[in-house]
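Participant: Mind having a look at this structure? Questions to follow.
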Amino acid sequence: MPLLSATAAACPNIALIKYWGNKDHEFRIPENGSISFNLSGLATKTTVTFDPAFEEDRLSINDEVIEDSGLKRVKSFLKIIRQMSGKPYFAHVTSQNNYPMSVGIASSAAAFAALSVAASAAIGLTLSERELSRLARRGSGSACRSIPSGFVEWYPGNSDQNSYAESFASPDHWDLTDLIAVVTKKHKSVGSTAGHALAHTSPLQTARIADTQRRLSVVRHAILNKDFEALAEMVELDSNMMHAVMMTSNPPLVYWEPTTISIIKSVPIWRNENIHVCYTMDAGPNVHVICLKEDVQTVQAKLKEIPGIQDVLIANVGQGTRLITD
Ligand code: DP6
């Protein structure tokens with residue numbers, strides 16, 4: 001029998017319009033559509049090997065054997081792959097990240113995007129990009145957006161069949177840079193999965209969802225027309241609306257640290273100085289400071305002046321998930 005093994009590389013993505021809350025938690029059908037771009041330079045490389053001789057699924061990340069909830073999540077995902085292929089084999093999964101995990105840089109997005117592409121190829125499934133996006137969504141919602149290339153929109157749909165992401169502009173369409181200001185490298189206390197389940201407890205979630213089409217449309221057009229002003233205003237509003245929902249959930253989720261607030265108060269001031277820059281945050285305290293390529297050095301210098309920033313990771317608009325030779 002041929003070796004049932006494949007390796008894939010994926011980037012995380014940063015959402016400009018956020019996914020927060022599900023219509024269906026098991027299938028990760030989101031309450032609202034979202035828009036993101038892939039982050040080049042930050043990579044997850046995953047090798048999956050299936051073998052009839054294996055007695056259990058195994059997972060290692062960055063050379064460390066994982067046995068906690070991370071393994072449980074990968075096992076449930078591999079179960080889907082086994083059902084789809086009709087092959088009941090266990091798998092060994094080995095993954096390497098070149099950026100810190102669980103600090104709000106969506107490591108689960110790159111992880112499940114790479115796992116979807118590697119596992120389906122290893123077991124001999126031939127899937128279209130849309131099918132891969134739907135599959136990745138089952139592992140982590142935002143992972144469906146790391147499958148296609150460049151600037152991506154996730155159509156929320158209402159079922160497993162019609163909830164997937166698609167590219168609407170290639171990576172070279174617009175030279176945006178994401179300067180990720182790392183405020184802490186500590187693991188977050190409440191992860192996204194638990195957070196999505198709390199979204200409906202906030203009285204603000206209904207208003208946030210009702211206004212989503214407008215924000216999606218403004219951001220989609222701002223990207224297509226390379227209109228930074230329009231993008232900046234809507235991206236900050238969308239991030240603030242999601243964090244308002246988080247902070248007013250029961251129990252409340254407050255991800256911000258003092259340095260987070262210093263950054264988000266500074267960025268609009270810099271924009272008033274004619275620097276093309278805006279901020280957005282995921283479920284964590286780190287701030288994604290997005291700017292035009294021509295402003296990268298200025299923004300980097302300004303971030304250096306803010307106390308409490310531990311590191312700044314730099315990413316541009318990246319490719320989708322692809323198979324690689326190891
Ligand atoms: C705040 O995709 O990480 O980053 O489906 O439970 O894995 P799970 O959640 P996840 O949620 C991402 C939430 C977010 C916003 C976003 O990326 O759109």
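One line per residue, one yes/no per condition, for (1) under 19 Å from Glu294 (Cβ atoms); (2) in contact with a Leu (Cβ under 9 Å, 6 or more places away or on another chain); (3) small (Gly, Ala, Ser):
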| position | (1), (2), (3) |
| --- | --- |
| His173 | yes, yes, no |
| Ser192 | no, no, yes |
| Val218 | no, yes, no |
| Asn240 | no, no, no |
| His243 | no, yes, no |
| Val254 | no, no, no |
| Pro258 | no, no, no |
| Val267 | yes, no, no |
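Participant: Any residue in segment 262-270 that is within 27 Å of Ala111 (Cα to Cα) and among the aromatic types (Phe, Trp, Tyr)? Show your work before the answer.
Facilitator: Filtering segment 262-270 down to residues within 27 Å of Ala111 (Cα to Cα) leaves none.
No, segment 262-270 contains no residue that is within 27 Å of Ala111 (Cα to Cα) and among the aromatic types (Phe, Trp, Tyr).
Participant: Can we say Ala114 is open to solvent by less than 10 Å² (accessible area, probe 1.4 Å) and within 15 Å of the ligand (Cβ to nearest atom)? Before you say what the answer is, go through the steps one by one.
Facilitator: On the way: open to solvent by less than 10 Å² (accessible area, probe 1.4 Å): yes; within 15 Å of the ligand (Cβ to nearest atom): yes.
Considered against the rule, which asks whether it is open to solvent by less than 10 Å² (accessible area, probe 1.4 Å) and within 15 Å of the ligand (Cβ to nearest atom), Ala114 comes out as yes.
Participant: Only residues that are away from the ligand (no atom under 16 Å from the Cβ) and under 15 Å from the mean Cα position of the chain (by Cα): list them for segment 118-149, please.
Facilitator: Ser149
Participant: For Gly41, only one of the following conditions fails: (1) more than 12 Å from the ligand (Cβ to nearest atom); (2) outside any loop (DSSP other than H, G, I, E, B). What is its number?
Facilitator: (2)
Participant: In addition: Tell me, please, whether a residue that is closer than 15 Å to Asn286 by Cβ, surrounded by 19 or more Cβ atoms within 10 Å (Cβ to Cβ), of a type in the set (Gly, Ala, Ser) and within 22 Å of the chain's Cα centre (by Cα) can be found in segment 214-229. Steps first, please.
Facilitator: Applying the first criterion (closer than 15 Å to Asn286 by Cβ) to segment 214-229 yields none.
Looking through segment 214-229, none of the residues is closer than 15 Å to Asn286 by Cβ, surrounded by 19 or more Cβ atoms within 10 Å (Cβ to Cβ), of a type in the set (Gly, Ala, Ser) and within 22 Å of the chain's Cα centre (by Cα).
Participant: Now, a different point. Under 7 Å by Cβ, and 6 or more places apart or on different chains, what pairs join a residue from segment 281-294 that is polar (S, T, N, Q) with one that is modelled with pLDDT of 95 or more?
Facilitator: Close Cβ pairs satisfying both conditions: Asn286/Ile180; Asn286/Ala181.
Participant: Moving to a separate point now. State the number of residues belonging to segment 126-166 that are open to solvent by less than 10 Å² (accessible area, probe 1.4 Å), polar (S, T, N, Q) and farther than 13 Å from Ser116 by Cα.
Facilitator: 1
The values are calculated or read from the model by the stated rules, or taken from the named source; none is laboratory data. Note that this is a predicted model, so its numbers are computed, not measured. When we count neighbours, we look across all protein chains shown, and the Cβ atoms used for this are built from the backbone with ideal geometry, even at glycine. Heads up: the accessible areas ignore ligands, DNA and RNA and are worked out on the full protein's heavy atoms, side chains in. Shrake-Rupley method; radii C 1.70, N 1.55, O 1.52, S 1.80 Å.
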